[in-house]
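S.K.: Quick one: this structure, given as structure tokens, is what I'll be asking you about.
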Amino acid sequence: MSDRRPVLVVTEVDDITADMVITALNRQKVPVARFNPADIGAALTVSARFGGGPASVAGQLRTPSRTVDLAEVRSVYWRRPVWPVFADLEHDDARFAAAQTRYGLAGTLYALDGPLWVNHPLRNAAADYKPAQLAVAQRLGLRVPPTLVTNDPDEARCFVSSYEQVIFKTLRWTPYQRDGVPVTGWADRVSATEIDERVSVVPHLFQTVVDKTGDLRVLIVGRDVFAVHIESGMLDWRKNYSNLAYRVVDLPNRVEKMLFAYLKHFGLVSGSFDFAVDKTGDLWWLELNPNGQWGWLEERTGLGMSAAFADLLTQGAAP
């Protein structure tokens, strides 16, 4: 008998990367229910029952096109969900409604004991703190550029003055507008003379610049490893994707083992790792995005990344 347990894909409305995985799941004839938490209401309903029966959680999740038995969920692909803000409600009512949705809907999904999560959002969140990433990477033996996290301007000036080149990076990407125009934070060089008392307001991350020849993006999906060398000539290659060149490479076995250990430390089954490659070919840790983008890399290299995600989600947890 074929396994008809469904896969839940939780993401925003426009998500090309999720579309690629769903297409691969469709090829394998795996049932898929896609939804966005922001659809809660007529377009998304959930009913869960606890106690009084043999199952710890029983109930259904319904979208306009699917009805899912919660006890039968095979796996959950937690991509880029958007939570509702209830803009039509008064501030306190909206805050109350948002909290009930997050703790009711997410709490029900977290209560399921059968599915494989790719990745569990609580695990993603724990792995998303850059200071923790740096410490774990160093403990595992990966090369970490000298880095300072501080809100002390004197400490920052001393650190920046101690090295030939230093960059400032945000500790967390955050939607931001200036004069109504969306802006983002790139990795940019900083000098000691630029540091003033504004640094004291919040922690900042300063890091020495690696004299690099390129960058390496490594995607791990279950036991599959995809490594792509990115040539750009830029300090931060994300600034201009049109100038990038890609080359598929083999990851050294020693580094591969470290990255599997890294994912195991945080309880993840997938992650996107970024490294700088120096002139001797050595890899320097930059960061992990536990739920990073990879769709454009598959398009440019032909690597079977979406198929790997589909295989992992199809495998799910044991029936």
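S.K.: Starting from the range 202-226, keep only residues that are surrounded by fewer than 16 Cβ atoms within 10 Å (Cβ to Cβ), then list their pairs with residues that are hydroxyl-bearing (Ser, Thr, Tyr) and in a strand (DSSP E or B) whose Cβ atoms are within a distance under 9 Å, requiring at least 6 positions of separation or different chains.
M.R.: So the pair list comes out as 203/150.
S.K.: Being within 20 Å of the chain's Cα centre (by Cα) and either surrounded by fewer than 19 Cβ atoms within 10 Å (Cβ to Cβ) or free of Cβ contacts under 8 Å to residues at least 60 places away in the same chain (or both) is the filter here; which residues of the range 108-129 pass it?
M.R.: To start, the set of residues in the range 108-129 that are within 20 Å of the chain's Cα centre (by Cα) comprises 109-110, 115-129.
110, 121, 122, 123, 125, 126, 128, 129 - these are the residues of the range 108-129 that are within 20 Å of the chain's Cα centre (by Cα) and either surrounded by fewer than 19 Cβ atoms within 10 Å (Cβ to Cβ) or free of Cβ contacts under 8 Å to residues at least 60 places away in the same chain (or both).
S.K.: Further question: For the range 66-82, indicate whether the set of residues that are assigned by TED's automatic domain parsing to the domain that holds residue 101, among the small types (Gly, Ala, Ser), farther than 14 Å from residue 12 by Cα and loosely packed, with under 15 Cβ neighbours inside 10 Å is non-empty. Before the answer, list the steps.
M.R.: Step one: filter the range 66-82 for residues assigned by TED's automatic domain parsing to the domain that holds residue 101, giving 66-82.
Pick out the ones that are also among the small types (Gly, Ala, Ser) and you get 71, 75.
Add one more test, that the residue is farther than 14 Å from residue 12 by Cα, and what stays is 71, 75.
Among the residues that remain, those that are also loosely packed, with under 15 Cβ neighbours inside 10 Å are: none.
Among the residues of the range 66-82, not one is assigned by TED's automatic domain parsing to the domain that holds residue 101, among the small types (Gly, Ala, Ser), farther than 14 Å from residue 12 by Cα and loosely packed, with under 15 Cβ neighbours inside 10 Å, which makes the answer no.
Conditions (1) in the same structural domain as residue 297 (by TED's automatic domain parsing); (2) touching a strand residue (DSSP E or B) at 6+ places or on another chain (Cβ under 6 Å), marked per residue:
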position: 175; (1), (2): no, no
position: 187; (1), (2): no, yes
position: 196; (1), (2): no, no
position: 223; (1), (2): yes, no
position: 227; (1), (2): yes, yes
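S.K.: I would also like to ask the following. Just name the residue that is farthest from residue 132 (Cα to Cα) out of those in the range 168-201 that are surrounded by 14 or more Cβ atoms within 10 Å (Cβ to Cβ), of a type outside the set (Gly, Ala, Ser) and within 23 Å of the chain's Cα centre (by Cα).
M.R.: Only one residue fits best here, namely 186.
S.K.: Within the range 1-40, can you find the residues that are buried (at least 20 other Cβ atoms within 10 Å of the Cβ), β-branched (Val, Ile, Thr) and under 26 Å from residue 94 (Cβ atoms)?
M.R.: 10, 11, 40
S.K.: Could you check how many residues of the range 300-318 are exposed (fewer than 14 other Cβ atoms within 10 Å of the Cβ) and either within 19 Å of the chain's Cα centre (by Cα) or farther than 22 Å from residue 267 by Cβ (or both)? Full working, then the answer.
M.R.: From the range 300-318, those exposed (fewer than 14 other Cβ atoms within 10 Å of the Cβ) are 302, 315, 318; that's our starting set.
Remaining after also requiring either within 19 Å of the chain's Cα centre (by Cα) or farther than 22 Å from residue 267 by Cβ (or both): 302.
The qualifying residues number 1.
S.K.: Run down 86, 96 and say which single residue is assigned by TED's automatic domain parsing to the domain that holds residue 38 and part of a loop (DSSP other than H, G, I, E, B). Lay out the reasoning, then the answer.
M.R.: Numbers: 96 fails: part of a loop (DSSP other than H, G, I, E, B).
Selected residue: 86, the only one of 86, 96 that is assigned by TED's automatic domain parsing to the domain that holds residue 38 and part of a loop (DSSP other than H, G, I, E, B).
S.K.: Against the condition in the same structural domain as residue 224 (by TED's automatic domain parsing), in a helix (DSSP H, G or I) and either β-branched (Val, Ile, Thr) or at pLDDT below 95 (or both), how does residue 255 come out, does it pass?
M.R.: Numbers: in the same structural domain as residue 224 (by TED's automatic domain parsing): yes; in a helix (DSSP H, G or I): yes; either β-branched (Val, Ile, Thr) or at pLDDT below 95 (or both): yes.
Against the criterion (in the same structural domain as residue 224 (by TED's automatic domain parsing), in a helix (DSSP H, G or I) and either β-branched (Val, Ile, Thr) or at pLDDT below 95 (or both)), residue 255 qualifies.
S.K.: Of the numbered conditions (1) of a type in the set (D, E, K, R); (2) free of Cβ contacts under 8 Å to residues at least 12 places away in the same chain; (3) within 26 Å of residue 292 (Cα to Cα), residue 27 satisfies every one except a single condition; which is it?
M.R.: Here residue 27 meets the rest and fails (2).
S.K.: Right, next: Criterion first (assigned to a loop (DSSP other than H, G, I, E, B), of a type outside the set (A, V, I, L, M, F, W, C) and over 21 Å from residue 304 (Cβ atoms)) does residue 52 satisfy it? Explain how you work it out, then say what you get.
M.R.: On the way: assigned to a loop (DSSP other than H, G, I, E, B): yes; of a type outside the set (A, V, I, L, M, F, W, C): yes; over 21 Å from residue 304 (Cβ atoms): yes.
Judged against the criteria, residue 52 is a match.
The values are calculated or read from the model by the stated rules, or taken from the named source; none is laboratory data. Just so it is clear, the model here is predicted, and its values are computed rather than measured. All Cβ positions, even for glycine, are placed from backbone atoms using ideal geometry, and neighbour counts span all protein chains on display.
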